[in-house]
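Below is one structure, written out as structure tokens, with a few remarks after it.
The values are calculated or read from the model by the stated rules, or taken from the named source; none is laboratory data. Note that the structure is predicted; figures quoted are calculated from it, not measured. Counting neighbours? That spans all protein chains shown, and the Cβs are built from the backbone with ideal geometry, glycine included. Protein only, heavy atoms only, side chains kept; ligands, DNA and RNA dropped before computing areas. Shrake-Rupley method; radii C 1.70, N 1.55, O 1.52, S 1.80 Å.
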Amino acid sequence: MSTTNEKDWPLWEIFLQSKKGLDHKHVGSLHAADARMAVENARDVYTRRGEGNSIWAVRASDIHASRPEDQGEFFDPADDKVYRHPTFYPMPEGVKYI
Amino acid sequence: MNQQEALFRFALRMGDNALVLGHRISEWCGHAPALEEDIAQTNIALDLIGQARNYLTYAGEVEGKGRKEDDLAYLRDSREYINALITEQPKGDFAHTIVRSFLWDAFHRPLLNALANSSDERLKGIAEKAVKEVAYHLRHSSEWLIRFGDGTEESHRRAQTALDELWRFTGELFEADEAEQILAKEGVIPPLESLKAEWNATVDRVLAEATLKRPSEGWMASGGKKGVHTEHLSLMLAEMQTLQRSYPGVEW
């Protein structure tokens, strides 16, 4: 079942890279008829103040997400397994940004 | 007309074109067919108004009578405006706006490309900055025109109607007045007819992709560049200038 009018443009999720080498971050969503228009609209909507260096647009319907009701079985078991964190090693002196 | 007078007139015209078209496009603010497009059109309007400020400031300096950008924008009547007629036409439906922008952008870009090599440092500086903005304007208007022409029956019909109605304003773009002839001879600006080949190529390429029919050359309207305008400009100026005219020198 779809409540979307066929005349409506599909929804796109927009990811921006603020500087070369950094990852693309999700900044929001917008409507566009196709990928090309999505990238242009993203340029106008999200990069007006110099926020962006590269744009990715992904059709929202192509994103598959975990469900909130799976929260417990998906994520809670990780909470009590401290040995999964590399905290039991002595750090050499002079190593920064860890 | 000496070269300085010619330069004043040319800078003024570039400012008038950008200001009038920028104002026309700004009329979509809050009314565009989609939120995203509302922002896009408003961005384009602001680009043009920014360009207008640069040109009008420069025109005022060249003239040397102490007129600032605001004096030139808000305290001249339509007879003193020397923009091309195409820029002042009403925004019409969205197809009219896109077709007008496209026909203008296809002219504006090669003009700025040439001005970016001007022997006049100020014009060169303004053009170097503006040419990137205008490259995007042309891309945006071309994309829409292709979608309209190659879209539904109704969008095709509206785009073709707008094209047929606005075509008669394109001849004036390439008609050089005395100021433009003087400056072209001095290498300050390109001869306007030299821009026609690129304009034709852009128009033919996009119209072919849009499956729209290029109108026959036919009769061309002109006069805007001499200050003889269509009825639409004075109405637009009345609205644009009302605050400054009613409260001279007002600031807030």
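How big is the C-alpha Rg of the range B:1-82 next to the rule-of-thumb value 2.2 N^0.38 Å, as a ratio? Write down the numbers at each step before the final one.
Numbers: Rg = 14.5 Å, N = 82, 2.2 N^0.38 = 11.7 Å.
It is 1.23.
With angles folded into 0 to 90 degrees, how steeply does helix B:121-149 sit against the dominant principal axis of chain B? Use alpha carbons for both and round to 10.
20 degrees
On average, how much accessible surface per residue is there in chain B, in Å², for a 1.4 Å probe, leaving out ligands, DNA and RNA? Numbers along the way, then the final one.
Values: 11240 Å² over 252 residues.
With all protein chains present, chain B gives 45 Å² per residue.
How long is the range B:107-252 along each principal axis, judged by its Cα atoms, biggest number first, in Å?
The Cα atoms of the range B:107-252 stretch 50, 41, 32 Å along their principal axes.
Across all directions of projection, what mean area in square nanometres is found for the Cα convex hull of chain A?
Its Cα hull, projected and averaged over all orientations, spans 10.8 nm².
Rounded to the nearest 500, what is chain B's calculated 222 nm mean residue ellipticity when only DSSP H runs of at least 4 contribute -39500 (n - 2.57) each, over all residues?
-22000 deg cm²/dmol
Kindly provide the trypsin sites (Lys or Arg not before Pro) of the range B:172-221 that DSSP labels as loop, not H, G, I, E or B, and whose Cβ sees at most 16 other Cβ atoms within 10 Å.
Qualifying residues, ordered by number: B:K213.
Among residues other than B:R100 whose Cβ falls under 14 Å from its Cβ, what is the net charge (Lys/Arg +1, Asp/Glu -1)?
Once all neighbours under 14 Å are counted, the net charge is -3.
So what is log10(I(q)/I(0)) for the range B:116-173 at q = 0.12, 0.28 1/Å, when the Debye sum runs over its Cα atoms only?
Log-scaled intensity ratios, in q order: -0.47, -1.02.
Taking the Cα atoms only, what angle lies between the long axis of helix B:3-26 and the longest principal axis of chain B, rounded to 10 degrees?
40 degrees
Across all directions of projection, what mean area in square nanometres is found for the Cα convex hull of the protein assembly as shown? Each step should come with its number before you reach the end.
Details: hull surface 108.5 nm².
If I average the Cα hull's projected area over directions, I get 27.1 nm².
D for chain B, whole µm²/s, Stokes-Einstein with Kirkwood Rh over alpha-carbon pairs at 10 °C and 1.306 mPa s: what number? Don't jump to the answer; show the numbers that get you there.
Details: Rh = 18.5 Å.
Answer from the Stokes-Einstein relation: 86 µm²/s.
List the trypsin sites (Lys or Arg not before Pro) within the range B:40-111 that DSSP assigns to loop and that have no more than 15 neighbouring Cβ atoms inside 10 Å.
Details: sites: B:R53, B:K65, B:R67, B:K68, B:R76, B:R79, B:K91, B:R100; in loops: B:K65, B:R67, B:K68, B:R76, B:K91.
Loop-located and lightly packed - B:K65, B:K68.
Cα centroid distance between the range B:135-191 and the range B:69-124, in Å?
Between the Cα centre of the range B:135-191 and that of the range B:69-124, the gap is 11 Å.
Whenever you get a sec, compute what percent of the accessible area on chain B sits on carbon and sulfur atoms (1.4 Å probe).
Carbon-and-sulfur percentage of accessible area, whole number: 52.
Could you work out what % of the accessible surface of the range A:11-80 is carbon and sulfur, using a 1.4 angstrom probe and leaving DNA, RNA and ligands out of the count?
50 percent
Mind grabbing the interface size between A and B? I mean buried accessible area, both sides, 1.4 Å probe, in Å² to the nearest hundred. Mind dumping the intermediate values first?
Values: alone 8660 and 11890 Å², together 19320 Å².
By this definition, chains A and B bury close to 1200 Å².
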